[in-house]
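Computed from the coordinates by the stated procedures, all read-outs in this text should not be read as laboratory data. Predicted model, so just to flag it, every value in this text is computed and none were measured.
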């Protein structure tokens with residue numbers, strides 16, 4: 001990878017390293033990691049900022065994605081206990097992407113006794129239903145482009161500042177009252193100086209222009225193209241773009257594409273949930289998270305939602 005590419009992904013990687021997820025679920029708050037060495041105050045500040053970024057992106061990117069690890073390609077595990085029933089709230093969607101939610105949760109429960117306790121306590125999480133509802137609304141063109149553009153603008157900024165900048169860009173391209181007008185062509189045709197005047201840094205401007213080119217009529221990406229790609233193909237296509245790193249892509253795949261087998265192993269909420277549920281004495285790293293999560297395949301996205309639920313203190317570990 002070129003030096004410019006590495007520099008270009010610095011912001012997103014810091015979000016991954018500090019590990020995003022202020023609110024692993026919908027409304028709770030996850031505190032920063034406990035400082036364990038001198039200089040931890042700076043790290044705590046970065047954690048807080050990036051966890052806030054995590055919440056904003058998850059709230060915006062209503063669609064799934066590919067995990068840092070290659071998604072499992074195997075067939076769904078049979079439910080060893082067909083009588084297992086997971087309670088569902090009224091109006092809860094019974095599918096997530098292409099999988100049956102009740103079957104998937106029963107399979108997760110059979111594979112992991114500790115996770116089974118959480119699922120039994122919580123039932124089908126509202127987050128699962130909201131993802132499916134958002135998925136059903138994916139009828140507008142360029143929606144994937146808008147979600148990714150917003151993710152770029154919001155990187156490393158507090159919510160109020162990022163929202164102000166993004167709204168200025170929307171006004172500039174004529175999309176203030178109609179999100180559908182926020183298109184690759186509209187961004188491409190906008191003057192660079194005018195976009196900078198909205199508050200975009202030069203780096204984010206270049207990211208946004210690159211994203212617009214990739215989603216343009218002559219580009220290789222579109223809502224339709226992404227829908228037809230495998231999880232690995234989506235990941236490879238997006239990671240090649242400046243300004244999008246692994247964590248942002250995983251969130252996009254989970255919340256926008258509803259990919260069922262995504263494991264964002266560096267996410268703060270996932271790590272905290274794993275630590276609490278499995279009685280670990282310290283925040284786990286990639287290897288430990290992947291070791292525990294191996295039992296969750298091919299439904300690691302759904303298990304991730306429950307780790308956020310646990311991290312928020314909503315279930316007894």
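Counting 0.36 nm for each residue step from residue 314 to residue 225 and taking away their Cα separation leaves a gain of 28.2 nm. Taking only C-alpha pairs under 8 Å that are 6+ residues apart, what is the relative contact order of region 188-305 in percent? That works out to 18 percent.
Fully extending the segment from residue 278 to residue 194 would add 25.1 nm, taking 0.36 nm per residue of separation and subtracting the current Cα-Cα distance. Note on region 143-247: Rg/Rh from C-alpha atoms, Kirkwood Rh, equals 0.95.
What percent does the relative contact order of region 122-212 come to when contacts are Cα pairs within less than 8 Å and at least six residues apart? Please report the intermediate quantities before stating the final value.
Numbers: 64 pairs, mean separation 26.6, N = 91.
Reported relative contact order: 29 percent.
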